[in-house]
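Enquirer: Shown below is the structure under consideration.
Readers should treat all values here as calculations from the given coordinates under stated rules, not as data from a laboratory. Not measured: the values here are computed from a predicted model. Cβ coordinates were reconstructed from backbone atoms using ideal geometry, including for glycine residues, and neighbour counts include every protein chain displayed.
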């Protein structure tokens, strides 16, 4: 390993520890909020927002997505699109059911 | 027979700009998103179709053990940073430090499984098997598949800690890339748990 690489990694060490502490704090917050017994839509929103922020931190810093090549972004955008389809398409059937639209 | 060399294992591929191994692991993780995505989709579909969740009444947080799951969340987050430190140690040229952090990562993975074992065995004692109802079917399927991923991570990481280190003497950069790829997988397993924990235990 050359000296430049050594320095490059050691510069990021502080960032890793900050993210680690942030992840622990966000876990404590999400558990704490669950004891407040918020109304369902608010509870789901808060829990998923916190989980998304945590996942974002892990992906951006631990998985180095913040400084990744375009080809990885392209793969992930495509994955995100298909993930959304996978999540929404089957659940549209219950939407039709609840809204009384034909097709169920 | 001459030795076949797989191209671009260390140097970036001219088209993608990254080594083939890293590109491969990202494509694998994309397929993993679809695997867990299918389960999350099924979970939402099953749950929205039920008049009450869990079907027997109460709240998920009352039926499942939130303190143990919170502990396991902290364990996995800690194992993620030890994995990063293992990779960073390789980058900084220290094999002993890599060994230390990788051993810590594997140990934490075992802690996660032991905690999960206590959770599962308590559920089984109460007769709450996957066949009990939809709630437990979803709970065991999703946490079980995630647990299998933890086992997979332990196997890969143990290889890198044990016989895999032989590559360090031959080609440090190649070995470091392998650790990075194993790390990408490990962080993904952490990432899945970050969503599983609130969706199954807290909501």
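Enquirer: What is chain B by shape, rounded, prolate or oblate, if you read a ≥ b ≥ c off the alpha carbon gyration tensor as root eigenvalues and call it rounded for a/c under 1.5, prolate for a/b larger than b/c, and oblate otherwise?
Expert: Prolate, because a/c is 1.5 or more and a/b exceeds b/c.
Enquirer: Continuing with the same structure: If contacts are Cα pairs under 8 angstrom and at least 6 residues apart, what is the relative contact order of chain B in percent?
Expert: 30 percent
Enquirer: Answer rounded, prolate or oblate for the stretch B:9-84, using the Cα gyration tensor with square roots of eigenvalues a ≥ b ≥ c: rounded when a/c is under 1.5, else prolate when a/b is larger than b/c, else oblate.
Expert: Oblate.
Enquirer: While we're looking at this one, here's another question. How long are the semi-axes of the equivalent ellipsoid of the stretch B:149-193, taking √(5λ) for every eigenvalue λ of the Cα gyration tensor, in whole Å from largest down?
Expert: With the √(5λ) rule applied to the stretch B:149-193, the semi-axes are 22, 12, 4 Å.
Enquirer: Ok, one more. Taking only Cα atoms, what is the 0 to 90° angle, nearest 10, from helix B:66-91's long axis to the longest principal axis of chain B?
Expert: Approximately 10 degrees, to the nearest 10.
Enquirer: Okay, moving on. Once you have the Cα-Cα distance between residue B:27 and residue B:15, take 0.36 nm times their residue separation minus that, and quote the gain in nm to one decimal.
Expert: Value of the extension gain: 2.8 nm.
Enquirer: Where does the stretch B:84-146 land on the Kirkwood hydrodynamic radius, alpha-carbon pairs, in angstrom?
Expert: 13.9 Å
Enquirer: Ok, one more. Can you give the direction-averaged projected area of the convex hull of the alpha-carbon atoms in the stretch B:101-181, in nm²?
Expert: 6.1 nm²
Enquirer: Separation of the stretch B:127-179 and the stretch B:1-65 by C-alpha centroid, Å?
Expert: 12 Å
Enquirer: Looking only at other chains, what is the average number of their beta-carbon atoms within 10 angstrom of each beta-carbon in A:33-41?
Expert: Average neighbour count from other chains, rounded to a whole number: 2.
Enquirer: Using a 10 Å cut-off around each Cβ of peptide B:124-136, what is the average number of partner chain Cβ atoms that fall inside?
Expert: Per residue, the average neighbour count from other chains is 0.
Enquirer: If you don't mind, there's one more thing I want to ask. On average, how many beta carbons from a partner chain sit within 10 Å of the beta carbon of a residue in B:77-84?
Expert: 6
Enquirer: For B:136, B:159, what ranking results if the residue with the fewest other Cβ atoms within 10 Å of its Cβ goes first?
Expert: In increasing order of surrounding Cβ atoms, one gets B:159, B:136.
Enquirer: Right, next: Give the shape of the stretch A:1-83 as rounded, prolate or oblate, defined through the alpha-carbon gyration tensor: a ≥ b ≥ c are the square roots of its eigenvalues, a/c under 1.5 means rounded, and otherwise the shape is prolate if a/b is larger than b/c and oblate if not.
Expert: oblate
Enquirer: How far is helix B:172-196 tilted off the main Cα axis of chain B, in degrees rounded to 10, range 0 to 90?
Expert: 10 degrees
Enquirer: Where does the protein assembly as shown land on the Kirkwood hydrodynamic radius, alpha-carbon pairs, in angstrom?
Expert: Its Kirkwood hydrodynamic radius stands at 20.9 Å.
Enquirer: Please rank B:102, B:50, A:63, fewest neighbouring Cβ atoms within 10 Å first, as an exposure proxy.
Expert: The fewest-first ordering by Cβ neighbours comes to B:50, A:63, B:102.
Enquirer: How large is the helix-only mean residue ellipticity at 222 nm for chain B, computed as the sum of -39500 (n - 2.57) over DSSP H runs with n ≥ 4, divided by its residue count, in deg cm²/dmol to the nearest 500?
Expert: Mean residue ellipticity at 222 nm (helix-derived): -25500 deg cm²/dmol.
Enquirer: For helix B:20-48, what angle does its Cα long axis make with the longest principal axis of chain B, in degrees from 0 to 90 and rounded to 10?
Expert: That helix lies at roughly 0 degrees to the long axis.
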